[in-house]
1. Taking into account only those residues within segment 137-166 that are out of contact with any Pro (no Cβ under 9 Å at 6 or more places or on another chain), open to solvent by less than 60 Å² (accessible area, probe 1.4 Å) and touching a residue at least 60 places away in the same chain (Cβ under 8 Å), which is nearest to Phe71 (Cα to Cα)?
2. State whether the residues of segment 88-98 include one that is exposed (fewer than 14 other Cβ atoms within 10 Å of the Cβ), within 23 Å of Glu65 (Cα to Cα) and of a type outside the set (A, V, I, L, M).
3. Scan segment 87-113 for residues that are within 18 Å of Ile149 (Cβ to Cβ) and in a loop (DSSP other than H, G, I, E, B) and jot them down.
4. Considering Leu169, Leu117, which residue is open to solvent by 90 Å² or more (accessible area, probe 1.4 Å) and aliphatic (A, V, I, L, M)?
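The values are calculated or read from the model by the stated rules, or taken from the named source; none is laboratory data. Just so we're clear, the structure is a prediction, and the values are computed from it rather than from any experiment. Reconstructed Cβ throughout: ideal geometry from the backbone, glycine too, with neighbour counts over all protein chains shown. Areas reflect the complete protein model, heavy atoms only, side chains present, ligands, DNA and RNA absent. Shrake-Rupley method; radii C 1.70, N 1.55, O 1.52, S 1.80 Å.
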Amino acid sequence: TLLHAMNRLYDNLARRTQDLLEAKRSLDREIQVRQAIETQLRKLSQAVEYSPVSIIITGANGEFEYVNPKFTQLSGYTLDELKGETPRILKSGNTPQETYDSMWEALRAGKEWHGELYNRKKNGELYWDYAAISPVFDADGAISHYVSIQEDITERRLAEQALRQQQQLSED
């Protein structure tokens, strides 16, 4: 009887050991997958942080949730200053309303929008942005965020304006 009981204990212990070993292998695989995901996220985060263009993420309500250092450098606004604000804070009053109307029509339809915006920095200085804005969807297909990548094109616009003025003087 004692030998039979010991054999049952041994079999039970062997099964539990196998279960624990399988659980450990499963956890090891999960740890490897999570480490790979963390590495990927770290790379993407650094790419955004060190990007030569401004990157803005807003919630579906349009309120700022993230701005990268390039945006702060360009606009003068920090994320703390933008909490509770929307990109309307950048409006200069010089971009036609039709531009904003077409932008929101595309975004609300779940499409990307590309265009130029004439914005105002924190210090009041005006600048031109070429913006590419995309909606981000949640698992249910609803818009959860907007991501905007903006390139400062002020120098290009000023050069084009100077060229037009030079051409006009030549024609006159």
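1. Result: Gln150.
2. Within segment 88-98 (the criterion being exposed (fewer than 14 other Cβ atoms within 10 Å of the Cβ), within 23 Å of Glu65 (Cα to Cα) and of a type outside the set (A, V, I, L, M)), the answer is yes, since at least one residue qualifies.
3. Matches in segment 87-113: Thr95, Gly110, Lys111, Glu112.
4. When all the criteria are applied, what remains is Leu169.
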